[in-house]
There are 2 protein chains.
Amino acid sequence: MSSSEFKHDLFTQFARVGKALGNANRLELLEFLAQSERSVDQLAKVAGLSLANTSQHLQQLRQAGLVIPRKEGLKVFYRLSSDEVITLLNNLRTVAEHHVADVEKLVNTYLTVKDDLEPLLRQELLERVRDGLVTVLDVRPPEEYAAGHVAGAVNVPLSHLEAYLDKINPDQEVVAYCRGPHCVLAFDAVAQLRKKGMKARRMEDGYPEWKSAGLPVESDSS
Amino acid sequence: MSSSEFKHDLFTQFARVGKALGNANRLELLEFLAQSERSVDQLAKVAGLSLANTSQHLQQLRQAGLVIPRKEGLKVFYRLSSDEVITLLNNLRTVAEHHVADVEKLVNTYLTVKDDLEPLLRQELLERVRDGLVTVLDVRPPEEYAAGHVAGAVNVPLSHLEAYLDKINPDQEVVAYCRGPHCVLAFDAVAQLRKKGMKARRMEDGYPEWKSAGLPVESDSS
DNA sequence: CCACTAATCAATAGATCTATTGAATGCAAG
DNA sequence: CTTGCATTCAATAGATCTATTGATTAGTGG
């Protein structure tokens, strides 16, 4: 094999990973998988795709080395092949956010809270939790919370936030998080809480980043 | 705009960046651009593509926010939009290398030197250069060397290595680098040097990573 | 103005990708 | 062995991507 052939083959392999990242539906699947392992039909439901279509997307992700399947009885569970994939995804987001004009426009239009206040850093949150200074809300759906969450966080899905309001100590700051840096749930939660006059902020990024930073987590199964 | 519409639009934008990374030729263009700013026809020549085709690929990269054009007279020079892009590319490579079986196979087949000896870390190299313990070889083509290189490195393109051999102090270790972690030139150089009985190693990664780590560089224009 | 160069634009054939449909596989329970 | 379920496979139409060709737009110099 010649040197230039090798180079071409190698870039072709790298491109396979790029291609896998080149589709909105697959990126959404990856975001869900970053929360926890999932079966094919769970993924299909949550992403709003047909079963066969979801399966095919997952095959592509598998060939690109981004996910790993695990068979258990009738079901097949997929998970990210490693935390490197989370890093890669966040990198993609960062580049897009900084250099694609349309992303900034979108974010500024929809996430009006966006630049209102800097999100709370993971490390900082960790300290405040230890000192009992904050209430941490996990605003993801219960299944995702159950599969793993920030240690000490309370699960309050967005739809239950209203009902939960009076249980919150109004003197404490509330910190909300969800799936990742662009997950809408936490933004919405913070907006709602502030409207009610509470002190609320977002945590930076989301659960996957917290976990892959090696910070303390809990899950309902354990 | 609804929340799920927003999410979909956002993922579509992220996917645009992914798509841009999903083609071997574009990845090759990006690797060249990581060395230095380049005009369209330089890129076309070095990548072995037609001019029109190169131009179109560059437009796609521009729309994905990965490169920025600068017009000067007749020519248009492209460059990476930021060092974040280098990080993203290396991330892509890392994931591919760790999780795509074919990549490992390719690398092991062609880069036989690969696991022979760990590459020298940037930081370590920096110290040894300061102490005058090593000869650093930049085995890239002269244009790339001229546009910027590791401070103190000597430019010896692979084709000139043979002729350069007797100028090297045989008691010193030789460290070679080129375009990045998978650039073949440095592997070949090290193999040739060892065959002649010299002590030779690769530097980790290549020039772009050295530069974006903020380590000392030189260029011929300055 | 004309000739020349660098790059982009426009049109297009062939390849690849996407979502859908329906059939096939593999496993578990009765 | 049969039934039911989760997933994958196979075929396919329509959309998108890629490389090529030739025309077009800018900028430069005579």
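Computed from the coordinates by the stated procedures, all read-outs in this text should not be read as laboratory data. These figures come from a predicted structure and were not determined experimentally. Note: ideal-geometry Cβ built from the backbone for every residue, glycine included; neighbour counts use all protein chains shown.
Before moving on, here are some points about what is shown:
- Counting from the shortest, the label point at B:Glu104, 7 Å from Cα toward Cβ, is 4.2 nm from the same position in each remaining copy.
- Max mean-square fluctuation residue, GNM over chain A, Cα-Cα springs under 10 Å, options A:Ala96, A:Ala146, A:Ala44: A:Ala96
- From its DSSP helices (H runs of at least four residues, each -39,500 (n - 2.57)), the protein assembly as shown gives a residue-normalised ellipticity at 222 nm of -15500 deg cm²/dmol.
- Among A:Asp166, B:Asp138, the ranking by other beta carbons within 10 Å of each residue's beta carbon, starting with the fewest, stands as A:Asp166, B:Asp138.
- Each copy carries a label point for B:Val154 at 7 Å from Cα along the beta-carbon vector; from one copy to the others these points are 7.0 nm apart, nearest first.
- Qualifying lysines (Cα of each under 16 Å from Cα of A:Lys75; at least 8 residues distant if same chain): A:Lys45
- Other-copy label distances relative to A:Gln123, 7 angstrom Cα-Cβ extension, nm: 1.6
- Summarising the strand pairing of the range A:1-126, around 100 percent of its internal DSSP beta bridges are antiparallel.
- Relative to the Cα centre, the charge distribution of the range B:1-94, modelled as +1 at Lys and Arg Cβ and -1 at Asp and Glu Cβ, gives a dipole magnitude of about 160 debye.
- The dipole here belongs to the protein assembly as shown: it is taken about the Cα centre, uses +1 on the Cβ of Lys and Arg and -1 on the Cβ of Asp and Glu, and is about 920 debye.
- Inter-centroid distance (Cα atoms) of the range A:180-209 relative to the range B:146-176, Å: 55 Å
- Sequence-distant lysines (8 or more away, or on other chains) whose Cα lies within less than 29 Å of A:Lys195: A:Lys105, A:Lys114, A:Lys167, B:Lys7
- The angle between the Cα long axis of helix A:101-110 and the main principal axis of chain A comes to about 30°, on a 0 to 90 degree scale.
- Positive-pole candidate from A:Val129, A:Ala52, A:Tyr78, dipole of the range A:29-153, charges at beta carbon: A:Ala52
- Chain A, dipole about Cα centre (Lys/Arg Cβ +1, Asp/Glu Cβ -1), debye to the nearest 20: 520 debye
- The long axis of helix A:24-35 is offset from the longest Cα principal axis of chain A by roughly 60 degrees.
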